[in-house]
1. Could you look through the range 1-43, keep only residues that are surrounded by fewer than 17 Cβ atoms within 10 Å (Cβ to Cβ) and part of a loop (DSSP other than H, G, I, E, B), and pick out the one that is modelled with the lowest pLDDT?
2. What number goes with the only condition from (1) loosely packed, with under 12 Cβ neighbours inside 10 Å; (2) closer than 22 Å to Asp26 by Cβ that Lys155 does not pass?
3. Working only within the range 1-55, note down all residues that are of a type in the set (Gly, Ala, Ser), in contact (Cβ under 8 Å) with a residue 24 or more places away in the chain and under 24 Å from His117 (Cβ atoms).
4. State all residues of the range 99-137 that are over 16 Å from Ile165 (Cβ atoms) and small (Gly, Ala, Ser); if no residue qualifies, say none.
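The values are calculated or read from the model by the stated rules, or taken from the named source; none is laboratory data. Given the structure is predicted, the values throughout are model-derived calculations rather than measurements. All Cβ positions, even for glycine, are placed from backbone atoms using ideal geometry, and neighbour counts span all protein chains on display.
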Amino acid sequence: MAVDTDLHAQVSTLLAREAIYLDEKDWDAWLGLFAPDVEYFVPAWLSEDVLTTDPRTQLCLMHMDSRLGLEERVFRIRSRDSFASLPLDRTAHQTTNIFVAGQSGDEIEVKASWLVHCVGPRGEATRGGRYDYTLRRTDEGLKIARKRIVMIDEKIEGTVDVYHI
């Protein structure tokens with residue numbers, strides 16, 4: 001597959017904006033990156049090399065099946081009604097190895113690697129993994145239609161919220 005440098009630049013910019021919005025806790029801008037019907041999914045590990053695939057019937061770390069679910073999560077963070085967010089950790093997201101894996105119609109499949117360094121009153125943590133995105137072309141530009149976050153951690157110490165991953 002030939003590399004479309006303009007598309008790769010658009011995708012890279014979107015992923016960089018997402019990382020910066022999370023680090024700056026710019027919740028409205030972050031939510032604006034997602035399609036209304038977004039699926040946000042953080043699977044759990046079933047075994048050494050097998051992840052859960054169905055959040056409705058299998059254990060997962062996080063699952064929201066619309067932007068409304070993300071908006072509710074942000075409401076809990078803002079209202080300080082979330083133990084994982086008291087107080088908010090400072091974060092530094094790094095998204096790398098961005099790869100456009102395929103396209104079909106208005107949808108673009110993207111894979112990337114990530115690291116997030118978190119610092120807060122409960123200590124420091126660096127987490128990492130892979131992102132699998134489905135991006136959708138809209139009149140407003142690219143939107144995130146699906147985001148699957150694979151955490152390579154087998155044992156999670158501390159709290160995990162949307163801005164930690």
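1. Met1
2. The single condition Lys155 does not satisfy is (2).
3. The answer is Ser12, Ala16, Ala19.
4. Listed by number, the residues that qualify are Ala101, Gly102, Ser104, Gly105, Gly123.
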